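Enquirer: So that we are looking at the same thing, I have put the structure below in C-alpha cells.
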Amino acid sequence: MTELLLTEIDHVAIAVQDLEAAIAYYAETFGATVAHRERIESDGVEEALLRVADSYIQLLTPTREDSPVAKYLEKKGEGIHHVGYRVADCAVALQSVKDHGGQVIDQDPRPGSRGTTVAFVHPKGAFGTLIELVQE
Ligand code: CO
C-alpha cells in the first residue's frame with residue numbers, strides 16, 4: 001500500500017480567455033476576491049488565485065501565443081485545466097508517479113507560483129486529468 005501523499009486540494013485551475021472578466025464574475029457572483037496574482041513568464045501564463053477556505057480557484061490565461069494554455073484554449077476552449085494537489089514532498093510524490101508507471105511532464109520538481117515547488121503529471125495515465133503536485 002502507498003501511504004497517502006496528497007494532503008489537500010491546493011487549487012482547481014480554470015483556463016479563461018479574459019482574466020479580468022473571469023475575476024469580475026467570481027467577485028460579483030460568489031464574492032470571491034483575488035488573494036494573489038502573478039505572471040509566470042516561463043509558463044506563458046498569468047494567474048489569479050481566489051481563496052476558498054484552504055484552497056484556491058486558479059484562473060489562468062495565456063500571455064503569449066505559444067503558451068501551453070493558449071494551445072489548450074484553442075483545442076478545448078475555456079474550462080477546467082488542471083487540479084493542484086498539495087503534497088508534503090513534491091519529489092517523493094513525483095517518484096511515486098514514476099514508480100507506478102505514470103507519465104510525467106516535469107522530470108524533476110521546479111519552482112511554481114507563490115514560491116511553491118511543483119511538478120506536473122501527464123493526463124495520459126492519470127485518467128484524463130492534468131495533475132499538478134504542489135509543495136508549499
Ligand atoms: Co496550477
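Enquirer: Obtain the nm distance between the two label points defined at residue 2 and residue 80 by a simple spin-label model: each point lies 7 Å from its Cα along the Cα-to-C-beta direction.
Expert: Those two pseudo-labels are separated by 1.9 nm.
Enquirer: How about segment 61-136: which chymotrypsin sites (Phe, Trp or Tyr not before Pro) there lie in a loop by DSSP and see at most 11 other Cβ atoms within 10 Å? Write out the running numbers ahead of the final one.
Expert: Details: sites: 72, 85, 120, 127; in loops: 127.
When the chymotrypsin sites (Phe, Trp or Tyr not before Pro) of segment 61-136 are filtered for loop state and at most 11 Cβ neighbours within 10 Å, 127 remain.
Enquirer: Then there's this: Please identify the longest segment of the chain free of exposed trypsin sites (Lys or Arg not before Pro), where exposed means a DSSP state other than H, G, I, E or B and no more than 16 other Cβ atoms within 10 Å.
Expert: On the way: sites that count: 64, 124.
With a cap of 16 other Cβ atoms within 10 Å, the longest stretch comes to 1-63.
Enquirer: Per residue, what accessible area does segment 6-136 have, given a 1.4 Å probe and all protein chains present, in Å²? Write out the running numbers ahead of the final one.
Expert: Numbers: 7130 Å² over 131 residues.
Accessible area per residue: 54 Å².
Enquirer: Calculate for the chain the 222 nm mean residue ellipticity that helices alone would give, adding -39,500 (n - 2.57) per DSSP H run of length 4 or more and normalising by residue count, nearest 500 deg cm²/dmol. Present the calculation step by step, with values, prior to reporting the outcome.
Expert: Working: 3 runs with 31 residues, N = 136.
Rounded to the nearest 500, it is -7000 deg cm²/dmol.
Enquirer: How high is the relative contact order of the chain? Use alpha-carbon pairs under 8 Å, at least six apart in sequence, and give a whole percent.
Expert: Numbers: 281 pairs, mean separation 33.1, N = 136.
Normalised by residue count, the contact order of the chain is 24 percent.
Enquirer: Could you check the simple spin-label distance between residue 122 and residue 55, using points 7 Å along Cα→Cβ, in nm with one decimal?
Expert: Label-label distance for residue 122 and residue 55, simple model: 2.6 nm.
Enquirer: For segment 1-46, give the percent of accessible area contributed by carbon and sulfur heavy atoms, probe 1.4 Å, rounded to a whole number.
Expert: 56
Enquirer: Checking a compactness column here: for segment 59-136, what do you get for Rg(Cα) / (2.2 N^0.38 Å), N being the number of residues? Don't skip to the answer; put the middle values down first.
Expert: On the way: Rg = 12.9 Å, N = 78, 2.2 N^0.38 = 11.5 Å.
So the Cα radius of gyration is 1.12 times the expected 2.2 N^0.38 Å.
Enquirer: Using only Cα atoms, locate the centre of segment 1-22 and the centre of segment 25-79, then give the distance between them in Å, rounded to an integer.
Expert: Using only Cα atoms to place each centre, the spacing works out to 10 Å.
Enquirer: Pull out the extension gain between residue 129 and residue 89, defined as 0.36 nm times the separation in residues minus the alpha carbon to alpha carbon distance; nm, one decimal.
Expert: Details: separation 40, 0.36 × 40 = 14.40 nm, distance 2.06 nm.
Fully extending the segment from residue 129 to residue 89 adds 12.3 nm.
Enquirer: Charges at C-beta only: +1 for Lys and Arg, -1 for Asp and Glu. How large is the resulting dipole of the chain about its Cα centre, in Debye rounded to 20? Provide the component values of the computation, followed by the final result.
Expert: Values: 12 positive and 22 negative charges, 47 e Å.
Dipole of the chain, to the nearest 20 debye: 220 debye.
Enquirer: With a bin width of 10 angstrom, please list the P(r) values of the chain as percents of all Cα-Cα pairs, from the 0 bin to the one holding the largest distance.
Expert: 12, 43, 34, 10, 1
Enquirer: What spacing in nm lies between the two simple spin-label points modelled at residue 17 and residue 64, each 7 Å away from Cα in the Cβ direction?
Expert: Rounded to a tenth, the inter-label distance reads 2.3 nm.
The values are calculated or read from the model by the stated rules, or taken from the named source; none is laboratory data. Note that the structure is a prediction, hence the values are computed from the model and not measured. Neighbour counts are summed over all protein chains in view; Cβ atoms, including those assigned to glycine, are modelled from backbone coordinates with ideal geometry. The accessibility values were calculated without ligands, DNA or RNA, using every heavy atom of the protein model including side chains. Shrake-Rupley method; radii C 1.70, N 1.55, O 1.52, S 1.80 Å.
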